[in-house]
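**Student:** Quick one: structure below, then a few questions.
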Amino acid sequence: MFMKRANALKLLLDARQSAIGQAAGMSVDDTDAKLEALNRLIFDVRACRVNEFQIDPADEMEIVVTD
């Protein structure tokens, strides 16, 4: 799926918020690892270091960032 950088960042921020909301059912280590990975991806997409990513490795949808 192709999307602008701003839309990709919004998608990542929404995924991060969702992960925080689902943290109650996960262990602390799993929650921390997932949030750390999302935070790193947000920073990398924002800094233009990453132009392709998947939010969930189990999901086959790949996001391609266009500027």
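Read the figures in this text as sums done on the coordinates, not as results from a lab. No experiment lies behind these values; they were computed from the predicted model shown. In this analysis, Cβ positions are derived from the backbone assuming ideal geometry, glycine residues included, and neighbour counts consider all displayed protein chains.
**Student:** Could you give me the residue pairs with C-beta distances under 7 Å whose first residue belongs to region 44-67 and is within 12 Å of residue 15 (Cβ to Cβ) and without any contact (Cβ under 8 Å) to a residue 24 or more places away in the chain, whose second residue is aromatic (Phe, Trp, Tyr) and surrounded by 14 or more Cβ atoms within 10 Å (Cβ to Cβ) wherever it lies, and which are 6+ apart or on separate chains?
**Tutor:** none
**Student:** Name the one entry in 29, 14 that is over 14 Å from the mean Cα position of the chain (by Cα) and part of a helix (DSSP H, G or I).
**Tutor:** Values: 14 fails: over 14 Å from the mean Cα position of the chain (by Cα).
It is 29.
**Student:** Then there is this: So, in region 1-39, of the ones that are touching a residue at least 60 places away in the same chain (Cβ under 8 Å) and surrounded by 14 or more Cβ atoms within 10 Å (Cβ to Cβ), which residue ends up farthest from residue 61 (Cα to Cα)?
**Tutor:** Kept after step one, since they are touching a residue at least 60 places away in the same chain (Cβ under 8 Å), are these residues of region 1-39: 1-5.
Now narrow it down to the ones that are surrounded by 14 or more Cβ atoms within 10 Å (Cβ to Cβ): 3, 5.
Numbers: 3: 12, 5: 16 Å.
My answer is 5.
**Student:** Let me confirm something: among 67, 44, 30, which residue is farther than 14 Å from residue 5 by Cα and out of contact with any Asp or Glu (no Cβ under 6 Å at 6 or more places or on another chain)? Working first, answer last.
**Tutor:** Values: 67 fails: farther than 14 Å from residue 5 by Cα; 44 fails: farther than 14 Å from residue 5 by Cα.
Result of the check over 67, 44, 30: 30.
**Student:** Continuing with the same structure: Test of understanding: among 42, 55, which residue is surrounded by 13 or more Cβ atoms within 10 Å (Cβ to Cβ), among the aliphatic types (A, V, I, L, M) and in a loop (DSSP other than H, G, I, E, B)? Outline the logic, then answer.
**Tutor:** Numbers: 42 fails: in a loop (DSSP other than H, G, I, E, B).
Step by step, each of 42, 55 is checked, and only 55 is surrounded by 13 or more Cβ atoms within 10 Å (Cβ to Cβ), among the aliphatic types (A, V, I, L, M) and in a loop (DSSP other than H, G, I, E, B).
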